[in-house]
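Data block below; observations after.
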Amino acid sequence: METVIQVTDVEKNFKVFLDKAQSLKERLLFKNRSRHEVRQVLKGISLQAAAGEAIGLIGRNGCGKSTLLKLMTKIMYPDSGSIEMKGRVSSLLELGAGFHPDMSGRENIYMNASIFGLTKRETDRRIQTIIDFSELWEFMDNPVRTYSSGMYMRLAFAVAINVDADILLIDEILGVGDAAFQTKCFNKLKEIKSNGVTLVIVSHSLGQIEEICERSYWLRDGIIEKFGKPEEVHEKYNEYINNLYKGEI
Amino acid sequence: MAVFKELFDYRQMIVTLIHKDLRGRYKGSVFGFLWTFINPLFQLLIYNFVFSTILKSNIEKFYLYLFIALVPWGFFSASMTTGSTSVLAQGGMVKKIYFPREVLPIAYVTSSFVNMLYCFVIVFAMIIVSGTRINILALFYLPIVMAVEYILAIGIALITSAITVYFRDLEHILGIVSMALMFLTPIVYPLEAVPQEYQGIYDFNPMVSVIAAYRDILYNGEIPKIETLARAFVLGVLLFVVGLIVFGLLKRHFAEEL
C-alpha cells in the first residue's frame, strides 16, 4: 500500500513568554521582561499511514495532539524532522473557521470550499450533495449567525467531507451535534475511508477510534508512548489514566 | 515556482475574497459604492485648490495633470498601508485553516486594483471634458503600465503584510512613509522641478516611472518612453520577487505569532 502520510522525527518548540514586553517603553524599562522559555511540545514524533487507513491520536490535554495535526495541515511547520503528505489535505480542526456570520449558508459553502482550494465549478457540482448532507435545506439562504452551534457544525462538516480530499484530518469534532447526525457523520467517514481516503482522528472517544482506526497512537508529553492496535493501546492508556487518579503515578 | 501552482489552485479563494472585500467595503454607509468616486474627487478638489489657487502651479490643466497621478497613487498607497494588515486582519483564519498565505495580500491588492479601474471611468470622463487629445496608440500601453503597477503593489503588500505580523508598529510607520513617498513622487509637481542634485533619490522610487508613464499616455497623449517602461518593469518585477521571498520566509511562523 502506498504511504500517504510520513511523519519523521518531528520536533516542535513554542516560545512561552513569561511576560512579554510589547511597547518600546516596556522594553527599555524592563529589559528582562521579554524572558521566555522554550517549551518542547513534540519531542521526536514518527508515524505513517497508508492510503485508506485511519489512525487515531489519543492523549491528555496538552500532550501535543492538536499541534501535530496543525503541523500535518501546514498551519505550522516543524522545527526539525519532516512531514510528507501526498494529495489534497482537508482538515476540520475548528468548526466553521472561515465562516462569515453575515453571509448565507449557501454563500458560506462556496466561501469555505474555496478555502479548501475548490473552484466555483467544482463546488457547483457538489453543492446539492453538501446541502443534502447538512440537512439544512430550509436554512440555506439565512445568514449563518442565525444558526445554532449544531447547525454550524453540520454545515462545516458537510463541506469538509465533500471536498474530495485524499487525507482528512479531524480534531475532536465528532462529539458535536445530535446523536443521529453523529452517527451519520461517522458512517460517512467509514464510507470515504473505504473509498481510499486516509483519516487522522483526534478524539477522546476511544470507542470511535476502536471502531474505525487501524492504529491508535498514544501521545504523552510530546512523545509516542505506545502505538498499535487501538484496543491494546487503549487498555494501557486506561490503566495509566486510572492510576493517575489513584495517585499512584 | 510551486507557489504559483498553488495560488492557481486557490484562485477561487482569491476571487471570493475580492468579492467579499468589494461588497463589504462600503457596507452600511449611505452613499455605498459612490464612496469609490467621492474619495478621490474630494482629494482632487483639495489638492487642486492648494496647488493651483494658493501655490499657483503654472501647469496647464493642472486638475487633470494631478488626477491622472492621484488615482494610481491612491491604489499604490492603499496596497502598502492597508495591505500591510491583510494577514493580521485574517489572523483567525490563518491560525485554523491551511491555504497559501499569499492569497490574503494578493486579494487585497486586487480588490484595490479593481477599485482603481472604477476610478479610471472618472479619469476618462475628465480627459474628454477637458478636450485633451487622446492618442489611441498610446492607450494600448495603459494596460501594460497598470499591470506593472499591479505587480509592484503586490510585491510591496507581500513585504509589508508579512513584517506587520511580527512588528505591529509597521502599520503606523507606513502611514508616515506613504505621506513622505507621495511628496517624493512627482504627483503635485513635475519631475523636472526637482533640483538636479536630488534627482538621484528619484531613481530608486519605483512609482516615479509608473506615474511618468501614466502621464505620458493620458496627459501628454504620447507613447511612454521605453526607458520609463523598462525602469518601471524592472523595479516592479524586482520588488515582486523580493516580496515573494520575504513572505515565503516569514509565513512559516504566522500561526504562532498571530
* Filter pass, B:V165 being in contact with an Asp or Glu (Cβ under 6 Å, 6 or more places away or on another chain), in a helix (DSSP H, G or I) and either within 14 Å of chain A (Cβ to nearest Cβ) or surrounded by 19 or more Cβ atoms within 10 Å (Cβ to Cβ) (or both) -> yes
* Asked: If we keep just the residues of region A:116-151 that are of a type in the set (G, A, S), away from chain B (no Cβ under 13 Å) and within 28 Å of A:I167 (Cβ to Cβ), which is surrounded by the most Cβ atoms within 10 Å (Cβ to Cβ)?
  -> A:S134
* If we keep just the residues of region B:225-258 that are under 18 Å from B:M1 (Cα atoms) and within 14 Å of another protein chain (Cβ to nearest Cβ), which is surrounded by the fewest Cβ atoms within 10 Å (Cβ to Cβ)? -> B:L249
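The rows are residues; the columns are (1) in contact with a Phe, Trp or Tyr (Cβ under 9 Å, 6 or more places away or on another chain); (2) assigned to a helix (DSSP H, G or I).
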site: A:R125; (1), (2): no, yes
site: A:I131; (1), (2): yes, yes
site: A:E138; (1), (2): no, yes
site: A:R154; (1), (2): yes, yes
site: A:V163; (1), (2): yes, no
* Within the group B:L55, B:L34, B:L66, which residue is without any contact (Cβ under 8 Å) to a residue 40 or more places away in the chain, under 28 Å from B:I134 (Cα atoms) and aliphatic (A, V, I, L, M)? -> B:L34
* Within region A:32-80, which residues are under 19 Å from A:L93 (Cα atoms) and out of contact with any strand residue (DSSP E or B) (no Cβ under 8 Å at 6 or more places or on another chain)? -> A:N61, A:G62, A:K70, A:I75, A:Y77
* To do: Would you check if A:I55 is touching an Asp or Glu at 6+ places or on another chain (Cβ under 7 Å), surrounded by 16 or more Cβ atoms within 10 Å (Cβ to Cβ), over 21 Å from A:M153 (Cα atoms) and modelled with pLDDT of 85 or more?
  => yes
* Asked: If you check A:S46 against the conditions, is it more than 14 Å from chain B (Cβ to nearest Cβ) and either closer than 20 Å to B:G92 by Cβ or polar (S, T, N, Q) (or both)?
  -> yes
* Asked: Residues that are within 16 Å of B:L104 (Cβ to Cβ) and within 14 Å of another protein chain (Cβ to nearest Cβ): which helices (runs of 4 or more DSSP H) entirely in region B:1-83 hold 3 or more of them?
  -> B:2-9, B:11-24
* Asked: Which of the residues belonging to region B:65-92 are of a type in the set (A, V, I, L, M, F, W, C) and within 30 Å of A:L95 (Cβ to Cβ)?
  -> B:V87, B:L88, B:A89
* Can you find even one residue in region A:64-77 that is among the hydroxyl-bearing types (S, T, Y), buried (at least 16 other Cβ atoms within 10 Å of the Cβ) and either at pLDDT below 85 or under 30 Å from A:L244 (Cα atoms) (or both)? -> yes
* To do: Tell me, yes or no, whether region A:163-170 has at least one residue that is free of Cβ contacts under 8 Å to residues at least 40 places away in the same chain, within 14 Å of chain B (Cβ to nearest Cβ) and closer than 27 Å to A:G56 by Cβ.
  => no
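The values are calculated or read from the model by the stated rules, or taken from the named source; none is laboratory data. Note that the coordinates shown come from a computational prediction; the quantities given were computed from them, not determined experimentally. Cβ: placed from backbone, ideal geometry, glycine included. Neighbour counts: every protein chain shown.
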